[in-house]
Amino acid sequence: TQLLEQSPQFLSIQEGENLTVYCNSSSVFSSLQWYRQEPGEGPVLLVTVVTGGEVKKLKRLTFQFGDARKDSSLHITAAQTGDTGLYLCARLTGNQFYFGTGTSLTVIP
Amino acid sequence: NAGVTQTPKFRILKIGQSMTLQCAQDMNHNYMYWYRQDPGMGLKLIYYSVGAGITDKGEVPNGYNVSRSTTEDFPLRLELAAPSQTSVYFCASSWTGGNQPQHFGDGTRLSIL
């Protein structure tokens with residue numbers, strides 16, 4: 001199965017708080033991409049992780065790829081209202097990308 | 001830079017009608033993709049193309065057809081619209097396959113009544 005489970009499905013937090021969202025699979029994947037999608041727009045790539053245990057940072061966003069390459073997490077430090085959006089993970093199999101169902105994040109000012 | 005352009009942005013169809021969703025990219029990308037996004041369901045790949053003249057099925061191809069006569073254009077055709085095809089459709093492109101970033105259009109919101 002290509003199923004990617006993302007949790008939580010919805011998250012509402014106050015500005016300045018920290019949060020973590022997760023992307024899990026029952027099977028190993030070779031790489032994983034994280035996207036952010038704002039209402040009325042297409043997803044925009046944030047990062048690609050390819051190595052088990054890899055950690056990548058993008059300003060206040062920290063992405064981690066699990067050692068067993070079955071899971072990944074996205075941690076946001078000191079969330080801002082501009083972080084509001086739908087966060088999607090996607091795995092590549094052959095030429096096809098399989099997306100998770102996403103985490104909808106709302107940051108309240 | 002235009003990037004990936006999708007037209008129309010919104011459309012309402014009656015059951016059984018047909019239509020073509022247009023997608024064009026000006027980045028000279030080889031790979032192009034069509035996805036549909038249903039509420040709470042993430043994105044599912046309908047069809048993709050690795051170059052002009054080459055197309056292949058994705059995860060949910062039934063009810064759709066595509067063609068890729070040029071590098072720039074990748075239209076998606078619905079022949080007999082059904083209510084189950086009500087969705088938001090996204091076109092994307094990338095330079096090559098693998099982990100190359102996909103660049104998405106802003107989507108076409110399609111309702112079939």
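The values are calculated or read from the model by the stated rules, or taken from the named source; none is laboratory data. What you are looking at is a predicted structure, and each value in this text was computed from that prediction instead of being measured. When we count neighbours, we look across all protein chains shown, and the Cβ atoms used for this are built from the backbone with ideal geometry, even at glycine. Calculation scope for accessible area: heavy atoms of the full protein, side chains included, ligands and nucleic acids excluded. Shrake-Rupley method; radii C 1.70, N 1.55, O 1.52, S 1.80 Å.
On the given criteria, is B:H29 more than 21 Å from A:L88 (Cα to Cα), of a type outside the set (A, V, I, L, M, F, W, C) and in contact (Cβ under 8 Å) with a residue 12 or more places away in the chain?
Values: more than 21 Å from A:L88 (Cα to Cα): yes; of a type outside the set (A, V, I, L, M, F, W, C): yes; in contact (Cβ under 8 Å) with a residue 12 or more places away in the chain: yes.
Yes.
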Name the residue that is farthest from the other protein chains (Cβ to nearest Cβ), counting only residues in region B:40-85 that are of a type in the set (S, T, Y) and either assigned to a strand (DSSP E or B) or touching a residue at least 40 places away in the same chain (Cβ under 8 Å) (or both).
B:T71
Failed condition for A:A90, given (1) open to solvent by 10 Å² or more (accessible area, probe 1.4 Å); (2) within 14 Å of chain B (Cβ to nearest Cβ); (3) modelled with pLDDT under 95; (4) in contact with a strand residue (DSSP E or B) (Cβ under 6 Å, 6 or more places away or on another chain), with all others met?
(1)
Provide a single number: the residues in region B:25-54 that are more than 20 Å from B:S87 (Cβ to Cβ) and open to solvent by 20 Å² or more (accessible area, probe 1.4 Å).
9
Please verify whether A:L19 is more than 25 Å from B:D38 (Cα to Cα) and modelled with pLDDT of 95 or more, treating the condition exactly as stated.
yes
Checking B:Q22 against (1) out of contact with any Ser or Thr (no Cβ under 6 Å at 6 or more places or on another chain); (2) open to solvent by 40 Å² or more (accessible area, probe 1.4 Å); (3) farther than 23 Å from A:E5 by Cα, only one condition comes out false. Which one?
(1)
Count - residues of region A:11-50 that are in a loop (DSSP other than H, G, I, E, B), in contact (Cβ under 8 Å) with a residue 40 or more places away in the chain and either among the β-branched types (V, I, T) or buried (at least 16 other Cβ atoms within 10 Å of the Cβ) (or both)
5
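Has region B:14-35 got at least one residue that is of a type in the set (D, E, K, R), outside any loop (DSSP other than H, G, I, E, B) and out of contact with any helix residue (DSSP H, G or I) (no Cβ under 9 Å at 6 or more places or on another chain)? Walk me through how you get there before you give the answer.
As a first pass, look at region B:14-35 and keep what is of a type in the set (D, E, K, R): B:14, B:26.
Those still in the list that are outside any loop (DSSP other than H, G, I, E, B) too: none.
No, that holds for no residue.
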